[in-house]
1. Take the alpha-carbon centre of the stretch C:29-102, take the same for the stretch B:126-164, and report the distance between them in whole Å.
2. At what distance in angstrom do the alpha carbon centres of the stretch A:103-168 and the stretch A:229-269 lie from each other?
3. Considering the options B:V212, B:A180, B:Q113, tell which one lies farthest towards the positive end of the dipole of the stretch B:15-222, charges being +1 on Lys and Arg and -1 on Asp and Glu at the Cβ, about the Cα centre.
4. If the only charges are +1 at each Lys and Arg Cβ and -1 at each Asp and Glu Cβ, what is the size of the charge dipole of chain B around the Cα centre, to the nearest 20 debye?
5. Compute the acute angle (0 to 90°) between the alpha-carbon long axis of helix C:99-121 and the principal axis of greatest extent of the alpha-carbon atoms of chain C; round to the nearest 10°.
6. Please count, across the stretch B:15-222, the pairs of lysine residues with Cα atoms under 24 Å apart that sit 8 or more places apart or on different chains.
7. Calculate, for B:S182 and C:A178, the FRET efficiency according to 1/(1 + (r/R0)^6) with r their C-beta to C-beta distance and R0 41 Å; round to the nearest 0.05.
8. What FRET efficiency would be calculated for the residue pair A:E389, B:S86, taking the C-beta separation as r and a Förster radius of 45 Å, to the nearest 0.05?
Amino acid sequence: MKRKLLTLAAAAACAFGGAAQAQISDNTVKIGVLNDMSGLYSDITGPGSLLAARMAVEDYVKATGSRLRIEVVGADHQNKPDVGSNIARQWFDTDKVDMIADVPTSSVGLAVAQIAREKGKLHVNSGSATSDLSGKACNANTIHWAYDTWMLANGTGKAIVRNGGNTWFFLTADYAFGHALERDTEAVVTKNGGRVVGKVRTPFPTQDFSSFLLQAQASKAKIIGLANAGGDTTNSIKQAAEFGITRGGQNLAGLLVFLPDVHSLGLNVAQGLMLTETFYWDLNDQTRAWSRRFAAANSGKMPSMVQAGVYSSVLHYLKAVEAAKTDDGTKVAEKMKELPTDDPLFGKGSVRADGRKIHPAYLFEVKKPSESKGPYDYYKLAATIPANEAFRPLSESECPLVKK
Amino acid sequence: MVLAFSIAPIWVYPIFLMKVMCFALFACAFNLLLGFGGLLSFGHAMFLGSAGYASAHAAKVWGLNPEFAVLFGTLCSLVLAYVVGSLAIRRQGIYFAMITLALAQMIFFFSLQAPFTGGEDGIQSVPRGKLFGVIDLADNMNMYMFVFTIFILGFLFIWRVIHSPFGQILKAIREHQDRATSLGYDTDKFKLLAFVISGAIAGTAGATKSLVFQLASLTDVHWSMSGEVVLMTLVGGMGTLFGPVAGAAVIVSMQNYLAQLGAWVTIVQGVIFVVCVLAFRRGIIGEIANWIKKPL
Amino acid sequence: MEIFGIPSQALFGQLLIGLINGSFYALLSLGLAVIFGLLNIINFTHGAQYMLGAFVAYLGLQHLGMNYWVALVVTPIVVGATGVLIERTMLKQLYKLDHLYGLLLTFGLALIIQGLFRHEFGSSGMPYPVPEVFKGAINTGFMFLPKYRAWVIVASLVVCLATWYVIERTKLGAYLRAATENPSLVQSFGINVPRMITLTYGFGVGLAALAGVMAAPIYQVNPTMGADLIIVVFAVVVIGGMGSIMGAIVTGFGLGLIEGLTKVFYPEASSTVIFVIMAIVLLIKPAGLFGTQK
C-alpha cells in the first residue's frame, strides 16, 4: 500500500513537473543559428557563432542546473534573402525551431524579422548591422543585440570628424546594410560640421575596388568612408594601399571593422585604423577567460563581436525562457526586455522597448606592429562610450513599439 | 499527376510543393520553346524574375488582389517576351541563345539598379492578400489550392497548344525550318508566337512564386536560374509533356534535401547535367515513354 | 585639365583600369575563340578553368612553394592536361550532335568544378601575394599604377599576339584551320586530326588557366571568380566574331576600355554596356565584328 502511494505521489509530482514543462513546445527549446557559413562573413560569424551558441547552452545548464531540453542547429543563408527566408520559414513551420539567432547580412535579417513576427516566434539578431531592426522595421518578435549602424556612425564617424576629417566620400556596399551605414554616418558627419562630397555604390560582394577607389581619389575628400564589411572592407583597404591612396593624403575610415578583418589585413596595413566595437577579447579578465576557451575550440581564432553577441544573447534567451516558463516567441521577447542582462562578455545592460540591447561601446585604435605582443593583440582603447549614449536614443526612434 | 498533387500536401510541406509546381510550370513553358520549338533560350530567367518583381510590386505597393497581381505579372512578361522575341528570332541556333542571354543580363542589371526592385534586398514582405477579396491566402492550404489551380490551368494550356495545328507546325519548324518555309509557313511568326507564349507562362510561374514566398529577389533574374530550368527540362525529358514536371520535382527536391550540404547541390547538379547529356538524353519521362512506347 | 567635365586624371585612371580588365577579357576570349573557331565547341567550362588556374597557382604556392614564375608555366600545362582529358573522354562523343549538347555538357562540368572548390574552400577569397619584382607602383603623374597591373597588360598583349601569329601565320596554324574546314580531307593527307583537335582544346584551356594565374594577385583566389566573368567573356567573343582570333583580342581590349569609360560617365551602366553592344552587334552583323558567317 505504501509503495502504491509512493508511486502515485511520484507520478503526481512528475505530472506537475511535466505541466510546467508542457508550455515548452514539444518539450524542446530549439535554437537555430542562421548565418554565412562559407562566404565573406564566415570568419566573423559562421561556424564560430554556432560554437558560441553551444557554449552558451552548456554554460547555462551547468550554472543553473536547468532541466530544459535544448537543441542547437545551424544553417548557411549564403547572404541571400531568399535562401535565408526559405530556411527561416521551414525552420519555424516544420522543424520546430523556436528562436533564430545571429543572421548577419541586413537584407536577410530584415526578412527573418518579418517571418518571426508572422509566425509568433523569436529572432535575436547579433549579426546584422542595420539600425532599422530597432527602428522602422522593429517588431515585437525581434531583438537586436551586439551592435548597429547608428552606434558605428556615432562612434567612429563622430570621432573622425572631430579629429578634422570633415570631407567624406563613401564606398557603399549596395544593399540594406551599406545604405543604412552610409545614411547614419552621413547624418553624423553633417551634424558635426562636415560635408559629404560624393558616394559610389559597389556591387555586393566585390573583389576589385580599383575603379571605385580611383573615383574616391579624384574627389579629393579627406576621408574615404568604407560603408561595407568583411571581405569587402579588407579588399578595399588592401587595394587602397596598392594604389597609393593613403600616400596621397587621404585617410580610410573603416566604418565596420571586426577583429578577424584586422587579423587578415595584418598590422602593417591596418595600423592606425579607428573602429568601434562593443566587445574585445582583451578588455578584462572575464572577456579574456571566455575568449581563450572559445579560441581553444575554434582553431585558435579569437572571437569577433558578433560571435560574442551570439553567446550573450543565447544566455539571456534561456534565462528568459526559464523565467517565462514558455518558448512562445512573443512572450519570451517581453521577458527578455523585462529582465536586466548580465554576462561576462558585455557586462550589465538591458533590452529596450524597441528591441535594442544596450551596453557600452568602445572606440579602438589599431596598434602599430611594434606595439603588439602577439597574434590578436591588435587594439588599444581610445575611449569608452557609456551604454546610454552609445545607441540611438529612444526619442529619435522610428519604431512603432515605442510609446511617444 | 493531378491526383498526386491534390493529396500530397497531407504529408509533404505545402510550401515545398508550391515551389515544385511553380518551377514545374516554368519548366513546362521553357520546354514548349526548346523541346517542341527547338529554340534554346538561355535567358528565360528574365521572364520568371521580372514577372515576380511586377506582381510583388503590384501586391505590395498597389495593394492589388492576388489574382490581379499574377495577371499583371503575366502581362508584363508577355510584353517583355514580345520585345525580346522580335529581336532574338531573327537569328538562329547559338546566336539566338546568346541574344537571349544578353537581353536577360540587361534585365538582371536593370533589376539590380532600379529603385523599386530593392536591389540585393529584393521586394520583401509581399502580402499574399485575399483571393477575390474573400479567401485569405495567408493560410498555406488556401494558397496551395490557388497555386494548384494556376498550375493545372497553365499545364492544360500548354497541352492544348502542343496538340493543336499550331503545335504541329512548330514541331515541323524544329525538324526542318526550310522545308516548313517552302510549304508556305511564315516561320518567324510561329517562332515568335511560341516565344511569347513560353515567356508569358514562365511569367505566370514567377508571379505566383513571389506570392508564395512573399519575396521577389535577384536570384530569379540571375543567369544561373536560366541554367537551372534547362537542367530541369533536360532531366525530365525535352519534348515530352510531363518531363519538365518530373524534372522540376527532382531538381527542387534535391536542392531542398541537400541544402545542408551546401556546395554539394551545385556539384550534383553538374553531375546530372553531364550524365544526362552523355547517356541519358531522353530524360526521365522520355525513357519511360520509350519503354512503354507511348508519347508522354 | 578637364575633358567633358571629368578631370583628365580620373579619366586616364579609369581607362587604365579598363585596359587591365580588357587584358583579362582578351586572354579569356582568345581561349574561347580558339576553341569555338577551330572546334565548334562552346566551352562553358572556360570560367571554371580560369578559376582552376588561379587555384593551382595558390595551392602550388601553399604546399609546394611554387613561386609565381614557375606557376605561369606549370599551371597552364596542368590545367590544359585536364582539358585534354575532358575532350578525350566526353566531348568527343558529342561532335556529331547539336552544338547544344556541347554547351550543356561544359555547363555541367563548370558546375561540378565550381561546386567542388566551393565545398573545399568556401566562397571567400584566398590571398595570393604579388611577386616581389612587381611590388609597388609607378607614379605616372595622373595615378599610381601598381607595377603588377602594368605587367598584366604587357603580358597579355604578348600572349595574345603570339597566339594570333601562330594560328594565322604559321604552318601549324594553317593545318589547324584546314582541319576545321574539312577534317576528312586533311586527315587523308596524313595529319592526325583528332589529336590536333584534342591539343587545341588543351591549348585553349591552358590560356584560361594562364589568365587565372595572372588574376590571382589582383582579384583574390576564389571559387566563384570565373562564374560571372564567363558571361561577359561570352559577350566579348560573340561581339568579336565567334571564330575570329584577332576579333577576340581587339574586342577584349576594346570592351575593357569602353567599360572603363562608362564607369567614369555613367557608373551604374558599366556592367550592362557590354551586353547592350552585344545585342546591337548581333542584330546588325550577327557573325560579329570580325567574324565570317559559317
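1. Spelled out, the Cα-based centre of one part sits 46 Å from the other.
2. Centre-to-centre (Cα) distance: 23 Å.
3. Checking the options against the dipole of the stretch B:15-222, the answer is B:A180.
4. Its charge dipole is roughly 640 debye.
5. 50 degrees
6. 8
7. 0.75
8. Efficiency at R0 = 45 Å is approximately 0.15.
Bear in mind that the values in this text are calculations on the coordinates, not laboratory data. This is a predicted model, so every value here is computed, not measured. Here Cβ is always computed from backbone atoms with ideal geometry, including for glycine, and neighbour counts include all displayed protein chains.
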